[in-house]
1. From the list S177, S181, S199, which residue is without any contact (Cβ under 8 Å) to a residue 12 or more places away in the chain, out of contact with any Pro (no Cβ under 6 Å at 6 or more places or on another chain), more than 23 Å from A160 (Cα to Cα) and of a type in the set (S, T, Y)?
2. Give I322, I290 a once-over and let me know the one that is open to solvent by 10 Å² or more (accessible area, probe 1.4 Å), assigned to a helix (DSSP H, G or I) and out of contact with any Cys (no Cβ under 7 Å at 6 or more places or on another chain).
3. Which of the residues belonging to region 227-265 are β-branched (V, I, T) and either touching a strand residue (DSSP E or B) at 6+ places or on another chain (Cβ under 6 Å) or open to solvent by less than 40 Å² (accessible area, probe 1.4 Å) (or both)?
4. If N218 satisfies every condition in (1) touching an Asp or Glu at 6+ places or on another chain (Cβ under 9 Å); (2) closer than 30 Å to S101 by Cα; (3) open to solvent by 30 Å² or more (accessible area, probe 1.4 Å); (4) modelled with pLDDT under 85 but one, which is the exception?
5. Being over 28 Å from the mean Cα position of the chain (by Cα), open to solvent by 40 Å² or more (accessible area, probe 1.4 Å), in the same structural domain as D188 (by the TED database) and touching a residue at least 40 places away in the same chain (Cβ under 8 Å) narrows it down to one of D146, D115, D161, so name that one.
6. On the given criteria, is A337 open to solvent by less than 40 Å² (accessible area, probe 1.4 Å) and either without any contact (Cβ under 8 Å) to a residue 24 or more places away in the chain or among the small types (G, A, S) (or both)?
7. For region 379-394, enumerate the residues that are crowded, with 20+ Cβ neighbours inside 10 Å and at pLDDT 90 or above.
8. Tell me whether region 168-177 contains one or more residues that are open to solvent by 40 Å² or more (accessible area, probe 1.4 Å) and under 23 Å from E134 (Cβ atoms).
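The values are calculated or read from the model by the stated rules, or taken from the named source; none is laboratory data. Please read all numbers here as calculations on a predicted model, not as lab measurements. A quick note on method: Cβ atoms are made from the backbone with ideal geometry, for glycine too, and the neighbour counts reach across all protein chains shown. What goes into the accessible areas is simple: the full protein's heavy atoms, side chains included, and nothing from ligands, DNA or RNA. Shrake-Rupley method; radii C 1.70, N 1.55, O 1.52, S 1.80 Å.
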Amino acid sequence: MLEKVRRRAASSIGDDLCIAIPSLFRCPISLDVMKSPVSLSTGVTYDRSSIQKWLDGGHNTCPATMQVLSSKDFVPNHTLQRLIQIWSESSNVLLSSSVPSKDQARELIVDIRRDSSAATTAEKLDKVAKFGAESDDNRRYLIRLDGFAALVIDLICNNADRDLAELALKIAGLIFSAEDSEASKLKDCVPSLLRFFDSSSSSDAKIAAAQILEIIANDSESKTQISVNESLLTQLLTLVDKATDSSLLEAVLSCLVSLSMAKLVRLRLVRLGLVPKLAKLLTSPHSSVISVERMLKLLETVSSCKEGRTEICEHPSCLPSILSKTMKVSQAATEHAVTILWSVCYLFRDKNAQEAVAMNNGLTKILLVMQSNCRAGVRQMAGDLLKIFRVNSKSCLWSYDTKTSHIMPF
């Protein structure tokens, strides 16, 4: 890509002149000029798409420094983005010549509304998608643009051409976010989303459909409305069972985490067999870090209702699987696991759960959590759990001192 940029720059300025690109403007991962620079908690800036792929791959470190991240969140570096823009304009470097301007994007949408035939619409929609992906400013511009949301919804719900409907679906997933006031209009798409979860749809379309569901479900009322469509929840759980694409599984689990925040949805998911599916998935050695974190978050959420706790405690491999991920995957995974154990063993004193923890090396894991960098509240939960097992234990742990400064794993 950089070579292409240099060739364009040389062509516009002079055949023998090549524009030198400041190293500050290059993404440390891709080495390309950054289009949407974002900064991690370590202070290092990357191009959004590159660092997102890194984090989605299960990494919890900063690629440049290999420092463990205190948070996987990142913030836009608007100052650097503006500097890159000024530099590219002053140097006549056309970093994204194929990306339309705002006026061109508006005209494209007008053209699509005027003539939505599949022959021309796909190419125009693709250009609109490139425009929206270019920056947050472009994304917000599209959302505010009169007629854009209505056009996307119409293409998703009413277009007979499946490829075109999938393209519109992907654009909606790319452009809208739960914070956008216009996103509420996407609720009209819910009945139509079911068809994108079947086997004939591409993995990208299923991911986009799951993302849109999550965007729509930004309040309790919306979550409850979605849960009424039991076929939709069933399809999502089927994908949890059958998804071979890690990105698809992560998107579906993220959607289910969001939906499960509503009590009615939690109950429906438990009754549809969520717990056994997650217990089985947790034993897979191929699940990504993000997937495991979201599975445990889901189990943590359903453990807040009686039906969920019963399923977790009675399933023969659920608690052993949860324990197997404690202190093995990530800090977030460990914290979710401890919260589940605390809920079933300490808060609700389930005897089956206590026995399962004791029989599966749970005490060792609890001791390690108390010496870890987990949040203070989680370490307190581990302390509460330890009190239960100290009372019941006949081993050397009877006299364990919670002020011990170091525990050696074995």
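1. On the way: S177 fails: without any contact (Cβ under 8 Å) to a residue 12 or more places away in the chain; S199 fails: more than 23 Å from A160 (Cα to Cα).
Of the residues listed, the single one that is without any contact (Cβ under 8 Å) to a residue 12 or more places away in the chain, out of contact with any Pro (no Cβ under 6 Å at 6 or more places or on another chain), more than 23 Å from A160 (Cα to Cα) and of a type in the set (S, T, Y) is S181.
2. Details: I322 fails: open to solvent by 10 Å² or more (accessible area, probe 1.4 Å).
Among I322, I290, only I290 is open to solvent by 10 Å² or more (accessible area, probe 1.4 Å), assigned to a helix (DSSP H, G or I) and out of contact with any Cys (no Cβ under 7 Å at 6 or more places or on another chain).
3. Initial filter on region 227-265 (β-branched (V, I, T)): 228, 234, 238, 240, 244, 252, 257, 265.
Within region 227-265, V240, V252, V257, V265 qualify.
4. Every condition holds for N218 apart from (2).
5. Numbers: D146 fails: touching a residue at least 40 places away in the same chain (Cβ under 8 Å); D115 fails: touching a residue at least 40 places away in the same chain (Cβ under 8 Å).
Going through D146, D115, D161 in turn, the sole match is D161.
6. On the way: open to solvent by less than 40 Å² (accessible area, probe 1.4 Å): yes; either without any contact (Cβ under 8 Å) to a residue 24 or more places away in the chain or among the small types (G, A, S) (or both): yes.
When the stated conditions are applied, A337 passes them.
7. M381, A382, L385
8. From region 168-177, those open to solvent by 40 Å² or more (accessible area, probe 1.4 Å) are 170, 174; that's our starting set.
Narrowing the set further to residues that are under 23 Å from E134 (Cβ atoms) leaves 170, 174.
Yes: one or more hits.
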